[in-house]
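The values are calculated or read from the model by the stated rules, or taken from the named source; none is laboratory data. Small disclaimer: the values here were computed from a predicted structure and weren't measured. Cβ placement follows ideal geometry from the backbone for every residue including glycine, while neighbour counts extend to all protein chains displayed. Quick note on the areas: whole protein, heavy atoms, side chains included, nothing else; ligands and nucleic acids left out. Shrake-Rupley method; radii C 1.70, N 1.55, O 1.52, S 1.80 Å.
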Amino acid sequence: METVAAYKFIGAGLAAMGAGFAAIGVGLIFGMFLQGALRNPAAADKLGARLIFGFAVTEALGLIAAVVALALAFG
């Protein structure tokens, strides 16, 4: 019975890694936006909407990973 609990926490730890990877993704999204906006300031307005959409999707996946990790750890 103890091995089942150990496997549960291992799975929760692996699921929590998704939240960390989402943070890396958000950093990459904003970094690439700044790089593109500084290279071509005229296109910065067009890139703004895509920036917000990409941020929202990436952050939602990170939140889902965090919820799954908590569900595995305490469920």
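Looking for something of a type in the set (A, V, I, L, M, F, W, C), buried (at least 16 other Cβ atoms within 10 Å of the Cβ) and in contact (Cβ under 8 Å) with a residue 60 or more places away in the chain - is there at least one such residue anywhere in region 47-56? Checking region 47-56: not a single residue is of a type in the set (A, V, I, L, M, F, W, C), buried (at least 16 other Cβ atoms within 10 Å of the Cβ) and in contact (Cβ under 8 Å) with a residue 60 or more places away in the chain. Taking region 32-55 as the range and being closer than 21 Å to M17 by Cβ and of a type outside the set (F, W, Y) as the test, only G54 passes. The one condition from (1) touching a Ser or Thr at 6+ places or on another chain (Cβ under 7 Å); (2) in contact (Cβ under 8 Å) with a residue 60 or more places away in the chain; (3) not basic (K, R) that G25 does not meet is (2). For region 59-71, does any single residue satisfy the condition of being in a helix (DSSP H, G or I), in contact with a helix residue (DSSP H, G or I) (Cβ under 7 Å, 6 or more places away or on another chain), without any contact (Cβ under 8 Å) to a residue 24 or more places away in the chain and open to solvent by less than 80 Å² (accessible area, probe 1.4 Å)? No. Here A37 meets each of (1) in contact (Cβ under 8 Å) with a residue 60 or more places away in the chain; (2) surrounded by 14 or more Cβ atoms within 10 Å (Cβ to Cβ) with one exception, condition (1).
Taking the conditions exactly as written (among the small types (G, A, S) and surrounded by 14 or more Cβ atoms within 10 Å (Cβ to Cβ)), does A12 satisfy them or not? When the stated conditions are applied, A12 passes them.
Summed over region 1-57, the residues that are β-branched (V, I, T) and closer than 20 Å to A71 by Cα give a count of 3.
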